[in-house]
Each structure stands twice: as structure tokens, then as C-alpha cells.
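Visitor: Once you've had a glance at the structure underneath, I'll fire off some questions.
The values are calculated or read from the model by the stated rules, or taken from the named source; none is laboratory data. From a predicted model like this one, the values you see are computed outputs, not experimental measurements. Heads up, the Cβs are rebuilt from the backbone with ideal geometry, glycines too, and the neighbour counts pull from every protein chain shown.
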Amino acid sequence: MRRLPGIALALLWAATGAFAGPSRVVTMNLCADQLAMMLAAPGQLASVSYIARDTRASAMAKEALAYPVNHGLAEEIYLLKPDLVIAGAYSTPATTGMLRRLGVAVVVFQPALSLQDVRARILQMGQVLGRKDAAQVLLAEYDQRLAALQDAGPEAPRAALYAANGFTSGSMTLAGQILRAAGLRNIADELGYARSGHMPLELLAMSAPDLLIGTSPYPRASRSEDNLAHPVVRQLAARSSAGQIRDADWVCGTPHVLRAVETLAEERRRFVEKEGSQ
């Protein structure tokens, strides 16, 4: 089985009900790591990427301790004897190319750019793992939680996503959709940032958002984060009792994005109650 070309092997698993799925799976992408940990059968997942244990980036760092880690190198992954490797669109092409030449099946997952994409990635992971029933259960839970949240209306508070180097995200990004699902309007949309881009500090100040959604600074100093220490940014951030987002809940298109939505929805409720009492 392992010597079939990667694409042919993946198609075989997806097309036949006679074969339950791969028995030794290695993931080498943070987002694939987490979806696989949520859906894999006991003993099916042989290794996850080392980033899966990084509490700054991974929403499942504790769960990842139960798995051996890899560093995305073709040699180490091949020696794990996987019958399926799951990579991301930005995984090292040299690694995935070498694994395919060695006869290892490789499936590449695209990043989720919307809340709808999260649904698609859950189903895709269920398919390639041969765990369609488990994926349907996870998807139903995701849909139920998402349906209980409130989309932004015309009177919703105005919020700004603002990260290192003035990075912001509009409505055609996963982060922008998280903001909207929480019942907040995104000033990036007002300013023409449909996707992601750099928002000058002056624009941020003139837009006067009701809430500023910042990011958690990394332990080592970086000039890219200097903008987050500016007095204007600090003044805007002081209006938000939530302060900073937990990056790990925002990074990947997994059901963990709903924790970010729920946190912002609670922040919106506090803001509306505060404004209503004045």
C-alpha cells in the first residue's frame, strides 16, 4: 500500500468503504495537528509537529504532549513509516516532494479563510482519516455553538483588530469573520481592508473604534511590536476589559475559533451594558 503514489492512495481511501483509513498518520502542520488530534482513532496518529506543543500558537498544546513530535524533515518523517502524511499549503515543498518520491501518501490542507472553511476542513480530515462519523459529530457540535452566536448588526460596537506592524484583517479573513460572529463591526471593512493589510496608526486613531482587539506580545522584544506600546494604542486598549486575544484560538481553522468568538461576544455584552448605564 505504501508504494502507491500519494494522490492515488488518498483517493483510494476516500473512494472505498472496504478500507477504513490509514493506520499510521503523521501531521506536519499546526492546524492539521489539531484537527487530527480531535478526530483520529486511538493509535492512528503517530506524530504531530513540534509547534503543536507551543502554548503561544497551539490551542491543544497539552493534548499534543501525548504524541511524538516531528520537525517537518523528510528523513525523520519517513523513518516513522507513515502511510499518510498531512501537510499544510505552506509546508516545506522539499519535504512533501521528497516524501512523495519515496512513495508516501501526502495530503495537503489549505488554510481556512472563513468560518465556513472550518466546516470543510473538519469534513476533509474525517475523510482522509477514515473517520467520517466522528467528523459529523464534531461538525454538529461546531454548528450548534456557532448558531447560538450573534452576527453584527448596524448598531453593533465598532472594533479594530490590531497586531504587530499594524497588521489588521477584514471580512474576507477568518479573523474578520470571528469578529463579525461575535456581534462586532470591523473598522477594517470601513477602511477598505477586505483581506489583511497594515493599518497606519493615524488611521486607527482617526477611526476611534469602540474596542481594540490586540495580540499577546512574545517574550523577546521585537521592533515589530513597538506600535502596540504607543500611547494611542494603549488608550484604545484600555477601553476593552478583555485586552488581548489568545492567539492560539485564532490561528487555525478548527472548532477552537469559537472560543475566540465567545470571548469577544462576552466583551461586546460588557461594552453594551457599560454604554447603556451611562
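Visitor: Can you name the number of the only condition in (1) closer than 14 Å to residue 85 by Cβ; (2) at pLDDT 95 or above; (3) basic (Lys, Arg) that residue 2 fails?
Guide: It fails just one condition, (2).
Visitor: So, one more: Does region 155-173 contain any residue that is farther than 24 Å from residue 267 by Cβ and either touching a residue at least 60 places away in the same chain (Cβ under 8 Å) or in contact with a Lys or Arg (Cβ under 9 Å, 6 or more places away or on another chain) (or both)?
Guide: No, every residue in region 155-173 fails to be farther than 24 Å from residue 267 by Cβ and either touching a residue at least 60 places away in the same chain (Cβ under 8 Å) or in contact with a Lys or Arg (Cβ under 9 Å, 6 or more places away or on another chain) (or both).
Visitor: Could you identify the single residue in 179, 139, 146, 203 that is under 19 Å from the mean Cα position of the chain (by Cα), in a helix (DSSP H, G or I) and free of Cβ contacts under 8 Å to residues at least 40 places away in the same chain?
Guide: 139
Visitor: Return the residues of region 103-122 that are without any contact (Cβ under 8 Å) to a residue 60 or more places away in the chain and either surrounded by 14 or more Cβ atoms within 10 Å (Cβ to Cβ) or in contact with a Lys or Arg (Cβ under 8 Å, 6 or more places away or on another chain) (or both); say none if nothing qualifies.
Guide: 108, 110, 119, 120
Visitor: Which residue pairs have Cβ atoms under 6 Å apart, sit 6 or more places apart or on different chains, and have a first residue in region 63-76 that is farther than 14 Å from residue 51 by Cβ and a second that is of a type in the set (Val, Ile, Thr) and surrounded by 14 or more Cβ atoms within 10 Å (Cβ to Cβ)?
Guide: Going by the 6 Å Cβ cut-off, the qualifying pairs are 74/95.
Visitor: Return the residue satisfying two criteria in turn: it lies in region 238-261 and is touching a helix residue (DSSP H, G or I) at 6+ places or on another chain (Cβ under 9 Å) and over 22 Å from residue 177 (Cβ atoms), and of such residues it is modelled with the lowest pLDDT.
Guide: Looking at the filtered set, the residue picked out is 241.
Visitor: Which ones in region 48-59 are surrounded by 21 or more Cβ atoms within 10 Å (Cβ to Cβ) and either touching a Phe, Trp or Tyr at 6+ places or on another chain (Cβ under 6 Å) or in contact (Cβ under 8 Å) with a residue 40 or more places away in the chain (or both)?
Guide: Within region 48-59, 48, 58, 59 qualify.
Visitor: Sticking with this structure for a sec: Does region 100-119 include one or more residues that are closer than 30 Å to residue 263 by Cα, among the small types (Gly, Ala, Ser), under 17 Å from the mean Cα position of the chain (by Cα) and in the same structural domain as residue 23 (by TED's automatic domain parsing)?
Guide: yes
Visitor: Which one is farthest from residue 122 (Cα to Cα) among residues in region 248-278 that are among the acidic types (Asp, Glu) and surrounded by fewer than 16 Cβ atoms within 10 Å (Cβ to Cβ)?
Guide: 275
Visitor: Tell me, please, whether a residue that is touching a strand residue (DSSP E or B) at 6+ places or on another chain (Cβ under 9 Å), of a type in the set (D, E, K, R), at pLDDT 90 or above and part of a loop (DSSP other than H, G, I, E, B) can be found in region 182-199.
Guide: Yes, region 182-199 contains a residue that is touching a strand residue (DSSP E or B) at 6+ places or on another chain (Cβ under 9 Å), of a type in the set (D, E, K, R), at pLDDT 90 or above and part of a loop (DSSP other than H, G, I, E, B).
Visitor: Against the definition (surrounded by fewer than 18 Cβ atoms within 10 Å (Cβ to Cβ) and either at negative phi or aromatic (Phe, Trp, Tyr) (or both)), how does residue 206 come out, yes or no?
Guide: Yes.
Visitor: A further question on this structure: Return yes or no: is residue 63 surrounded by fewer than 20 Cβ atoms within 10 Å (Cβ to Cβ), assigned by TED's automatic domain parsing to the domain that holds residue 140, touching a Ser or Thr at 6+ places or on another chain (Cβ under 9 Å) and not in a loop (DSSP other than H, G, I, E, B)?
Guide: no
Each row is one residue, and each column tells you yes or no for (1) closer than 22 Å to residue 119 by Cβ; (2) at pLDDT below 95; (3) not assigned by TED's automatic domain parsing to the domain that holds residue 260.
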{"position": "33", "(1), (2), (3)": "yes, no, yes"}
{"position": "50", "(1), (2), (3)": "no, no, yes"}
{"position": "73", "(1), (2), (3)": "no, no, yes"}
{"position": "78", "(1), (2), (3)": "no, no, yes"}
{"position": "91", "(1), (2), (3)": "no, yes, yes"}
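Visitor: Return yes when residue 215 is surrounded by 12 or more Cβ atoms within 10 Å (Cβ to Cβ) and modelled with pLDDT under 90 and no when it is not.
Guide: Taking the combined requirement at face value, the residue satisfies it.
Visitor: Filter region 70-127 for residues that are part of a loop (DSSP other than H, G, I, E, B), farther than 23 Å from residue 181 by Cα and not hydroxyl-bearing (Ser, Thr, Tyr) and give the result.
Guide: Scanning region 70-127 gives 71, 72, 73, 80, 81, 82, 83, 89, 102, 103, 104, 105.
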